[in-house]
Structure formats: structure tokens, C-alpha cells
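Contents: one structure, followed by commentary.
The values are calculated or read from the model by the stated rules, or taken from the named source; none is laboratory data. Given the structure is predicted, the values throughout are model-derived calculations rather than measurements. Methodologically, a virtual Cβ is constructed for each residue, glycine included, from the backbone with ideal geometry; neighbour enumeration extends over all protein chains shown. We work out accessible area using only protein heavy atoms, side chains counted, and drop any ligands, DNA or RNA first. Shrake-Rupley method; radii C 1.70, N 1.55, O 1.52, S 1.80 Å.
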Amino acid sequence: MRKLTIDPITRLEGHGKITIFLNDDGSVANVYLQIPELRGFEKFCEGRPVADMPQITPRICGVCPEAHHMAATKALDDMFHTEPTSTAKKIRELLYSAFYVTDHTTHFYILGGPDFIMGPDAPVKDRNILGVIAKVGMDLAGQVLNTRKENHWIIQAVGGRQIHPVFGLPGGVSKRISEEDRQKIEEIAKRDVAFAQLSLKVFGDIVLKNKAYVDMIVSDAFTHQTYYMGLVDDKNKVNFYDGKVRVVDPAGKEFVKYSPHEYLDHIAEHVEPWSYTKFPFLKKVGWKGFVDGKDSGVYRATPLSRLNAADGMATPLAQAEYDKMYSTLGGKPVHHTLATHWARLIELLYAAERLLELAQDKEITGPNIRNIPTGKPTEGVGIVEAPSRNFNVRSRISGNWGFLSTSSGRASSTLLITWSRPLSAPAGQARVFECFKRPKH
Amino acid sequence: MKPRVAFFDFTGCEGCQLEVLNFNLEIVDLIGAIDIVEFREASSDHSDDYDIAFIEGSQTTDRDVERVQKIREKAKILVALGACSCTGGVNALKNRFSMEENLKVVYGDSAKLYSTIPTRPTSAYVKVDVHLHGCPPNRNEVISLVKCLLSGKKFEQCHNPVCVECKLAENICAFERGEFCLGPITRGGCNAVCVTGGRKCWGCRALVDEPNVNSEKEILKKYGLTMDDMMLQFKLFNGALEVSK
């Protein structure tokens, strides 16, 4: 038996190692994705002021801190029984849309995409942003860099910082958007929409018109029939910021749609001795190992999964691209893992359109950015869609809560169901829970 | 010959590497002056030949310790990049518990199959030539450091507390808004972005040189806060400070 090792995995946030065991005839006997370390968030949030959770949990991932910040902030809203003001919700979703534009752009052009753009047989040294610049030309590469820069500016202007934002507070946000900034955001959003359309065209030209790529996308090696999960709005359209969690089975039929507080009825974790990460699965189907199919509780929560789990997109241009993808790939659901890149670009377009809608909403510059919590805090749950997965935060609080006090209102314990990385289990499913529990006394 | 620069990630969120990636157009100029030979988050290329090593993240496994020591042997200059490498960062919060407790919460009955060691900053294991504080560090500081290294100049940390930059930004004092701010004792260089964003300083850039202890005591007294309150806040990013240098 031969052994192949990929260590470390590159162009990815998070550490990982892949070991592949080959039979004597060269076929694959087993593959292991190992995550080599414990961070310890599950335990070390204990005793910390619960108001700090939107600052602590983003340190799980510096590529998607906005998602952790938002999930923890929403959990605080719920914990304090305080609905954010309408303006505050829109400001949060505006930042979140700009975040999706940057994150999906980063993924497509810098992290995952270079394998596609440079081609399946490109040398390792060329599979990075510099190789991409050489291949697509400085015009498009300049737009990539500019899109990231402009949307990072939005995140900084609205959220306070580009990495690890600070603006989320229970019941609202910490800062208004000025009319001057709104106008600037509106102009950026218009450019984002055009950039997203251009990116879909690039994908069409480079990938879909190349038979070798298309054969790879639809090949058995990259196809798994699993359950799919994603947040949906009240019309079952994809939503990144709010809604219910909808799960569809491998045939595309709704399996369950649940509210945040019900998540523990539906999700559990499996432990394998060879990796520090744990493997979430659908509790009511059960863990049957690393296999796909209707009897296996393995599910995916990715851009493609969100599109599979929803009935469509909430904006017109993204909806047209959604229809095009499914008609090209033979209807819903799509089980080809590599089509995730296509789905990501459709989401990029949706995020850009939604950003533009919010930037043109006159209420976005309103003065009512926060409802101050006054009720007694109990337990809170918050869910958002992270670009690569679905986050679910559940929080409880102990002690006498004083909102800005540091000596009371501390989290008493934390359960965080960590993510499985993009190559774990059949392919690409991940989900995060963060839970701050009441003490046992 | 251009200096060969390598970025190595240990335990952390990798936001520091992303901050460097976010140089955007500036990075195109930067790579004209240096050769980036290792940058796992953005490139699959790999090299063991480098002059300057940036260490991101803290050391939390035995393997990490061996790895950082090997990097030190090869690098002419070693830079601790960001809070996790400089002071342990949020990872050090786990040091308040036994390692067995940490593992048990996560893995339950299977905890005995896993291991972890207390979080330490990089300086606990190897000599660090430059500390770039912050979670993440300010990108202008990173660029400034690279320029200093290229021109042979000494890199100067910011020696003012965050309060100085906060005043220049004309912010209302966060204490006046009811927040517990660590700006008076935290090293500046961040332009007080968190306070400008409507919040407070969480102390991610570690203790300023020669903090004004008496002034801090007066502030605590004025707002009815205690030293214990302050330490609780300060340890969010600086839990392993006692073993860092």
C-alpha cells in the first residue's frame, strides 16, 4: 500500500493535512483529512463577559470574522429579547452583503478559484493570485483588487474595522451611516453588480466552454448525493442574514425547516479519533459514516447547498443566473461539488444586488440605530450564513446582568461545534454552533 | 538579490495573513521589492530558503514548538505578527483551565485520544526580533516594517497609548459612553479604530511601554471600577503576557 500526504493544505483558512492510502493497483483505499489542533473556544469563553462574545468568536476565523461577529450579535439580541431597529437591521445586512462580495471574490480569484482559472494541470507555483493576474490580465485583476478594496472600505466604514468588526451590539449597531458614505456605497454597489456579471462571464468563458473542465465538474469523483442546508426567507429564497434553516434531501425534497432555537433537535456531532475537528450530521437521519445517500446524516452547507435548499434568489439578475445554472446542469438539486464555484458567483451577484438595494433605501441613514435592552436576559440563539457555511449561535447568560458591567453577566460555558473543512466527509459541508450555557447551580 | 520573505501560520484565525493580502494594489508594489517564498493562505508554493520570517499565531502543540525553533534557525530576522504570536491572543484564555478540562468539553469521553499544551507566545520559545502587535496588526505598520527591513533602518513601535490617537480622532471618550475602555494603557498605532467605530479598546495591541499606572487608577476610581475588572478585560488578548517578552 502506498501513502500520499498533502501537508499543509494551502489557500485555505485553517490548518489541515490530507493523507491518501493507495491499493497496490493504484486505486484509493482511504482518504483522511486531519485537523491538527484544538483551539478551545468551547471552554475558554467560560467566565468571560458575554458582551465580549461578538469580539471573541470572530477570532475563530479571520477570513469570515463578520459572520461570527454577526451570529454572536444576533444571539445577544435574542438573549436580551431586544429586536434591533429597522435601520439597524438594514445596516447589518448592508455590511453583510459587502462582506459576501469581498469573501466570494477572495475565494474565486485567490483561494479556491486559481485551480480552475489556471487549469487542472497548471504548475503549483502558478496557482495563486499572481498566476491569475498573468492569465486573466491586469484589467480584470485590477477590478478584482479594486472590488476587494472598495468593499473592505464599506466594512471599515460601517463595521469599524476591516478584519474583526466591532459595530454589533444587542438591539442594534454602534454607528450611523452618513449620507456621504451612503452615496459612496451606492456607487460601489453598482460597480459590484457589474463585476459580478463579469465574473460569471469569465467563468462561462474559461470553465464552461472548456470540455475538460466540464467533464471534471460532472465526473463521478466530484459528485455526492447528500442533504443540503441553507437559511431561507419567508418565500424560501436564499438569505444570508436571517430566516429559517431549511434542509432538503438528496432528491431535493424539503426534509425539515427549523427555527434557531430548535437546532439541537436536528444537529449532532460525530467524533473521529484521527482529527481534532468534529463532524456534524443530521440527528434524525443518524451518522452512518463517510457515505452519501438518503440514509446518511451527512449534509452540506455551502453556496451550492444554499441554492439547492432554496426555491430561488431574491433579486432578479441572480435569479436569472440561478435558472441558467440548473437548466445547464440538469435540474435541482445539483450534486456536483465543483459547481460550488458557479453557485458562489451567483451568490456574489445576489450580494451585490442586495447591497445596492440597501444603499438606495433612504432608511439606511436613519438615526434610530439601536433599541437599548431593558428586559432580563435569558438564552439567545443567532444564525447567519457564512460564505462557506452556516453558523448557529446559541447563548445563555448567568449572573446579574449589567450591560456594560464586567463583573457580572459572564458566559458560563460554551459549546462550539466546530467546522469540518472543505474536503472533509463526502465533500464540503460545514456548520458552526456557538453556545454559552447557564451554570449548574 | 531581493530579500526572501516567508509567512508561517500557527494557531490563530489567520486574519493577520489576510490583512497582508488586503494590501491589494499596494501588494503589487511590495512584491516588486521582495520575494514572498512562503504564504500558505494565498499560495501553494513552498520554500525552506528565506531571510525574513513572519510568525502568525501562537504555539499550542509540541509540533508547533519544534517548527518555530527550526524556522528561527533559518531566518535572519524573525517577526511576531499579531496578538497571538506577540502575547498569546485569545488562545491564551484556555490557560485558565487544565488542558484535560479543555479537551473534555470538546471531545467528551473521547478526550483521552487528544492532546494540547498551554498557549504560549512565540517569544516563550525563540528570540523574536520585532513584535508587530494587534489583532490584526495595522497594515501601515507592516508596510513600514518591510520598508525599514529593506533599507536597514530600525523599526520603531508606537510608544503612545491608544488615547493619544483617540483624542486626535476627536472621539468622545468611551468611558463617558459607559464602556470599559483599555485605551489608556494599550499601545497605540491603530488610530483608535475601535473607538472611532463607536465602541471601545479591547487591548489587542498589548501594554504600552511605561503605562501611566497612577492615571489609570484614577480613571478606574472615577468610574467605580476595580483593578480586577481591568485585568479581566485586559486578559482577553493578553492572557499569556507574563511569559512573553
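Is the shape of the stretch A:319-390 rounded, prolate or oblate, going by the alpha carbon gyration tensor and its root eigenvalues a ≥ b ≥ c, with a/c under 1.5 for rounded and a/b larger than b/c for prolate? Oblate is the answer for the stretch A:319-390, as a/c is 1.5 or above yet b/c matches or exceeds a/b. A crude spin-label estimate for the pair B:Lys112 and A:Lys288, with each label 7 Å from Cα along the Cβ direction, gives 3.2 nm.
Restricting to DSSP loop positions (anything but H, G, I, E, B) with no more than 14 other Cβ atoms inside 10 Å of their own Cβ, which trypsin sites (Lys or Arg not before Pro) remain in the stretch A:253-282? In loop regions of the stretch A:253-282 (DSSP not H, G, I, E or B), the sparsely surrounded trypsin sites (Lys or Arg not before Pro) are A:Lys253. Were the residues from B:Ala169 through B:Met1 laid out at 0.36 nm apart, the gain over their Cα-Cα distance would be 56.3 nm. Each listed q (0.13, 0.17 Å⁻¹) maps to a log10 I(q)/I(0) for the stretch A:236-343, found by the Debye formula over equal Cα scatterers with no solvent: -0.53, -0.88. Chains A and B together bury some 5600 Å² of accessible area, summed over both sides, with a 1.4 Å probe. Under 1.5 on a/c is rounded, so check that first for the stretch B:28-141, then, if it is not, pick prolate when a/b is larger than b/c and oblate when it is not; a ≥ b ≥ c are the square roots of the alpha carbon gyration tensor eigenvalues. Prolate, because a/c is 1.5 or more and a/b exceeds b/c.
Measuring nothing but protein heavy atoms, the accessible surface of the protein assembly as shown at 1.4 Å probe radius is 53 percent carbon and sulfur.
By the combined test of axial Cα extent (at least 27 Å) and Kyte-Doolittle hydropathy (mean at least 0.0), the qualifying DSSP H helices of chain A come to A:129-159, A:340-359.
State, as an integer percentage, the relative contact order of the stretch A:1-158 based on alpha-carbon contacts under 8 Å between residues 6 or more apart. Over the stretch A:1-158, the number comes to 15 percent.
P(r) tail, chain B: Cα-Cα pairs separated by more than 26 Å, 43% of all pairs.
Other residues whose C-beta falls under 14 angstrom from the C-beta of A:Asn23 contribute a net charge of 0, scoring Lys and Arg +1 and Asp and Glu -1. By DSSP, the beta bridges lying fully in chain A are antiparallel in about 85 percent of cases. Using only the alpha carbons of chain A, what is the convex hull's orientation-averaged projected area in square nanometres? For chain A, the mean projected area of the Cα convex hull comes to 20.9 nm².
Cα centroid separation, the stretch A:21-97 to the stretch A:190-233: 25 Å. Between A:Glu179 and A:Asp25, what FRET efficiency comes out of the Förster formula 1/(1 + (r/R0)^6) with R0 = 51 Å and r the beta carbon distance, rounded to 0.05? FRET efficiency, A:Asp25 to A:Glu179: 0.15. With a simple spin-label model that places each label point 7 Å from the Cα along the Cα-to-Cβ direction, the separation between A:Val218 and A:Lys201 comes to 2.6 nm. For the pair B:Glu156 and B:Glu101, a Förster radius of 51 Å applied to the C-beta separation gives a FRET efficiency near 0.75, rounded to the nearest 0.05. Taking amide H as placed 1.01 Å from N in the peptide plane, B:Arg120 has its amide H under 5 Å from the amide H of B:Gln59, each at least 5 places away in sequence or on another chain. A loss of 10 Å² or more of accessible area (1.4 Å probe, protein heavy atoms, ligands and nucleic acids excluded) relative to the isolated chain is seen in these residues of the stretch A:62-84: A:Gly62, A:Val63. Legend: residue pairs A:Lys288/A:Lys376; A:Lys74/A:Lys278; A:Lys201/A:Lys235; A:Lys175/A:Lys257; A:Lys149/B:Lys200, Cα-Cα distance threshold 31 Å; pairs beyond threshold, A:Lys288/A:Lys376; A:Lys175/A:Lys257.
Which percent, to the nearest 5, of DSSP beta bridges fully inside the stretch B:4-151 are antiparallel? For the stretch B:4-151, the DSSP antiparallel bridge percentage is about 10.
Under the criterion of Cα pairs below 8 Å and six or more residues apart, the relative contact order for chain A equals 23 percent. The relative contact order of the stretch A:139-296 comes to 11 percent, based on Cα pairs under 8 Å that sit 6 or more residues apart.
Loop sites here are GluC sites (Glu not before Pro) outside DSSP states H, G, I, E and B with no more than 11 other Cβ atoms within 10 Å. The longest part of chain B free of them is B:1-155.
Springs between Cα atoms under 10 Å define the GNM used for chain A, and in it the highest mean-square fluctuation of A:Asp24, A:Asp77, A:Asp233 occurs at A:Asp24. By the gyration tensor of its Cα atoms, with a ≥ b ≥ c the square roots of the eigenvalues, what is the shape of the stretch A:89-214: rounded for a/c under 1.5, prolate for a/b over b/c, or oblate? Note, shape of the stretch A:89-214 comes out prolate. Apply 1/(1 + (r/R0)^6) to the Cβ-Cβ distance of B:Lys70 and B:Asn191, taking R0 = 35 Å, and write down the FRET efficiency to the nearest 0.05. So, using R0 = 35 Å, E works out to roughly 0.45.
Report the local net charge at A:Lys244: Lys and Arg +1, Asp and Glu -1, summed over other residues whose C-beta lies under 10 Å from its C-beta. After counting each charged neighbour, the total is -2.
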